[in-house]
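Here the structure is laid out as structure tokens; the discussion comes afterwards.
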Amino acid sequence: MGDEIIMTLNRKVIIPAFSIVLFFVVAMKMGVINISFFNHIWVSLRRMIIGYTISLIVSFFIVLLLGISNYLRMAFKPVLSFFISIPTITWVPVLLILTGISETTIIIAIFLGSFFTIVYSTLEGFENVDPNLHRVGIILGFTRVQSLIRISIPASFNSIMVGLKLGIAYSWRALVGAEMLGAVQIGLGYLVFASRKFYDIRLMIVSLVSIGLIGYLLNTTVIKYLERKTLNKWGIQ
Amino acid sequence: MKNKILNIILPILTFASLVGIWNLLLRIGALNKALFPYPSEVLNAVFDNHFIIEHIFTSLKSLFICVCIGYTIGFVVGFVLSFNKKINFIEDFLSFFMSIPGISWAPLFIITIGFGNPTILAVGSLTAFFPVVYNVYHGLKVVNKSFHYLGDIMEYSVLEKVFRIHLPAIMNYIIIALKLSLARTWRTVIAVEMVAGSMFGLGFMIFDAREFLNVDVMFAGIFLSGLIYVMIELIIIKVLERMTVIKWGMKS
């Protein structure tokens, strides 16, 4: 068991982390990037963290609101699934008009990228909760909010995790797209797009690969950590 | 029965009330009229635009071509990759490529191929390619071993094994691959249309309308792109699922 965890850790976390460091060192030695490249990465990550956190907080409250009643859930699920199928990047031109070329545009794009997915898969998880658990809640005399927090959310944690995972992936995509269109002077997406203007293919490829690597790390490390803290500890998965 | 009716009526009511709230907010002036169109204006923008069919058709054509190219190549590559049992890191390698957003390939292809349609098709095919390889490879790897023994017992030839055992066994993954590649390619095609400066396409329509502050056209583009994807999923994926996986009892 312990060996297995270390093996998967090796494969999923340590090797990618090691390769990303190696990649940056080689790229710096070759003179493709300098220290300011890390500033671009940091700014992108900061936007990602802010946008994703906002989306987590808002979706938590929306889920509390929609999870209380079955009818509300029925009413809003198709609406959510419609909003999921709208490509996030189509919002960016509208946001550019509304909020201007600024940090806000990108953060809202990240928010829109993950919010609907998280809420949708959480609600879908609520639907698949074992009805016996709800009966236990009735016997114990739970109120609606109590049964939501103490039964529905823990029991549907599997699909909540799926939603969080998809949310991170979609937000990262939205971030890159928004940074390309809403040309703020800094950020990884901006760097890919700007290096086209300077015909700097090496820089373009380096930033392309680092977008991929960081997306991959976000998707594995963060989610793996959360999964180990929750699902594996509770023995759901 | 009651639930079924409610399942249809409630969402319609929600959509209607959302549109109503949107209208109301504009009427009382909570939203800026220069920046937000009335819902009726959005509808007008769809029906009055002479090029709307052209835009939709171009995007759909790109989507179709990209998914065909990416899916075919990806399927073959995934099948071939699954023959080797030794190399484990292929899966990680593929999932690394899957996590590169499609649009970030666009500048590379703009430099090497140039603006316009070829870039859109290249980037789209690349986006469609990786989910298919990953899913086919993964599916063939986790398929139940006893199916292989069954093929040996029945003395199937290699081709029979492929068509009667391997393909049906990974049907779930095949459909997930199609779904993922459709979804991602649709997003990417629209995004690349914005960046790579084509003449038609929904993404181009939205981005072009921004220059003239045609907010109604922009919102029309947003809702159309969502609606079209919903239709694609309903028509292609749901029918395919009902024909295969649900019929065979692999998924309820």
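The values are calculated or read from the model by the stated rules, or taken from the named source; none is laboratory data. Note that the structure is predicted; figures quoted are calculated from it, not measured. For neighbour counting, all protein chains shown are included, and Cβ atoms are generated from backbone atoms with ideal geometry for every residue, glycine included. These accessible areas exclude ligands, DNA and RNA; they are computed on the full protein's heavy atoms, side chains included. Shrake-Rupley method; radii C 1.70, N 1.55, O 1.52, S 1.80 Å.
For region A:4-129, what D do you get in µm² per second when you plug the Kirkwood radius from alpha-carbon pairs into Stokes-Einstein at 25 °C and 0.890 mPa s?
Values: Rh = 17.7 Å.
The Stokes-Einstein estimate is 138 µm²/s.
May I ask you to rank B:Leu180, A:Leu203, A:Leu208 by accessible area, largest first, using a 1.4 Å probe over the protein chains only? Could the numbers behind the result be given before it?
Numbers: B:Leu180 50, A:Leu203 30, A:Leu208 10 Å².
From most accessible down to least: B:Leu180, A:Leu203, A:Leu208.
From largest accessible area down, sort B:Val158, A:Val21, A:Val176, A:Val58; use a 1.4 Å probe on the protein chains. Working shown, then result.
Numbers: B:Val158 115, A:Val21 85, A:Val176 0, A:Val58 50 Å².
I get B:Val158, A:Val21, A:Val58, A:Val176, largest accessible area first.
At 1.4 Å probe radius, can you tell me the per residue accessible area of region B:122-230 in Å²?
Details: 4340 Å² over 109 residues.
Counting only protein heavy atoms, the per-residue value for region B:122-230 is 40 Å².
Report Rg (one decimal) and Dmax (nearest whole number) for region B:131-203, counting Cα atoms only, units Å.
18.3, 58
Can you tell me the equivalent ellipsoid semi-axes for the protein assembly as shown? Use √(5λ) from the Cα gyration tensor, largest first, whole Å. Mind dumping the intermediate values first?
Values: eigenvalues 224, 202, 127 Å².
Here the semi-axes work out to 33, 32, 25 Å.
Relative contact order for chain A: what percent, with Cα pairs under 8 Å and sequence separation of 6 or more?
With pairs under 8 Å counted, the relative contact order is 26 percent.
Provide the buried accessible surface between chains A and B in square angstrom, both chains summed, 1.4 Å probe, rounded to the nearest 100. Walk me through the intermediate numbers first.
Working: alone 13480 and 15370 Å², together 24490 Å².
Chains A and B together bury roughly 4400 Å² of accessible area.
Cα atoms only, region B:175-224: Rg and Dmax in Å?
Calculated on Cα positions, Rg and Dmax stand at 12.4, 41 Å.
Can you give the local net charge around A:Ser44? Use residues other than it whose beta-carbon is closer than 15 angstrom to its beta-carbon, Lys and Arg +1, Asp and Glu -1.
Values: positive: A:Arg46, A:Arg47, A:Arg173; negative: A:Glu103, A:Glu179.
Net of charged neighbours comes to +1.
Under a 1.4 Å probe, what is the accessible area of region B:1-72 per residue, stated in Å²?
Dividing the accessible area of region B:1-72 by its residue count gives 67 Å².
Give, ordered by residue number, each residue of region B:163-199 whose 1.4 Å probe accessible area is reduced by a minimum of 50 Å² on adding the remaining protein chains to the chain alone.
B:Arg187, B:Met194, B:Val195
Kindly state, as a whole number, the per residue volume in cubic angstrom of the convex hull around the alpha carbon atoms of region A:173-219.
Numbers: hull volume 2.7 nm³, N = 47.
In region A:173-219, the Cα convex hull volume per residue is 58 Å³.
Restricting things to alpha carbons, find the Rg to Rh ratio for chain A using the Kirkwood radius for Rh.
Values: Rg = 20.6 Å, Rh = 19.7 Å.
That ratio equals 1.05.
Quote the convex hull volume per residue of region A:97-237, based on C-alpha atoms, as a whole number of Å³.
Working: hull volume 16.9 nm³, N = 141.
With only Cα atoms used, region A:97-237 gives 120 Å³ per residue.
In whole percent, how big is the carbon plus sulfur part of the accessible area of the protein assembly as shown, probe 1.4 Å, protein atoms only? All intermediate terms of the calculation are to be shown ahead of the outcome.
Values: 17170 of 24490 Å².
About 70 percent, which is the carbon plus sulfur part of the accessible surface.
For A:Lys77, which lysines qualify as cross-link partners when the Cα separation must be under 18 Å and same-chain residues fewer than eight apart are set aside?
B:Lys2, B:Lys4, B:Lys238
How would B:Trp22, A:Trp234 line up by accessible area, probe 1.4 Å, largest first? Mind dumping the intermediate values first?
On the way: B:Trp22 50, A:Trp234 130 Å².
The ordering from most to least exposed comes out as A:Trp234, B:Trp22.
Mean separation of Cα pairs under 8 Å and 6+ residues apart, divided by the residue count of chain B: what relative contact order is that in percent?
Numbers: 249 pairs, mean separation 64.3, N = 252.
Dividing the mean separation by the residue count of chain B yields 26 percent.
Can you give the local net charge around A:Ile214? Use residues other than it whose beta-carbon is closer than 14 angstrom to its beta-carbon, Lys and Arg +1, Asp and Glu -1. Display every interim value, and only then the final one.
On the way: positive: A:Arg46, A:Arg47, A:Arg173; negative: A:Glu179.
The answer is +2.
Which value, in Å², gives the accessible area per residue of chain A when a 1.4 Å probe is used on the protein heavy atoms?
On the way: 11290 Å² over 237 residues.
I get 48 Å² per residue for this part.
Averaging over all projection directions, find the projected area of the Cα convex hull of chain B and quote it in nm² with one decimal place. Before the final figure, lay out each step's value.
Values: hull surface 72.8 nm².
Spelled out: convex hull of the Cα atoms, projected over all directions, averaged, 18.2 nm².
Among B:His50, B:Ile113, B:Phe15, pick out the residue whose Cα is farthest towards the positive end of the charge dipole of chain B, where Lys and Arg carry +1 and Asp and Glu carry -1 on C-beta, about the Cα centre.
Value computed over the given set: B:Phe15.
Which residues, if any, in region B:212-237 have at least 10 Å² less accessible area in the whole protein complex than in the isolated chain, probe 1.4 Å?
B:Leu213, B:Val215, B:Met218, B:Phe219, B:Ile222, B:Phe223, B:Ser225, B:Gly226, B:Leu227, B:Tyr229, B:Val230
Taking θ = phi - 60°, what integer Hz values does the Karplus form 6.51 cos²θ - 1.76 cosθ + 1.60 yield along region B:210-227, in sequence order, with x for Gly and Pro?
So the J values, rounded to whole Hz, are 5, 4, 9, 6, 7, 5, 5, 5, 5, 5, 4, x, 4, 5, 5, 5, x, 5.
For peptide A:90-100, compute the average count of partner chain beta-carbon atoms within 10 Å of each residue's beta-carbon. Can you show the working numbers first?
Values: counts 17, 3, 5, 12, 10, 0, 2, 8, 5, 0, 0.
Per residue, the number of nearby Cβ atoms from other chains is 6 on average.
In degrees between 0 and 90, to the nearest 10, how far off the longest principal axis of chain A does helix A:15-29 point, with axes built from Cα atoms?
Relative to chain A, helix A:15-29 is tipped by roughly 20 degrees.
Among the listed pairs A:Lys229/B:Lys247; A:Lys165/B:Lys161; B:Lys33/B:Lys179; A:Lys29/B:Lys86; A:Lys224/B:Lys179, give every one whose C-alpha distance is greater than 31 Å.
Among A:Lys229/B:Lys247; A:Lys165/B:Lys161; B:Lys33/B:Lys179; A:Lys29/B:Lys86; A:Lys224/B:Lys179, the Cα-Cα distance tops 31 Å for A:Lys229/B:Lys247; A:Lys165/B:Lys161; B:Lys33/B:Lys179; A:Lys29/B:Lys86.
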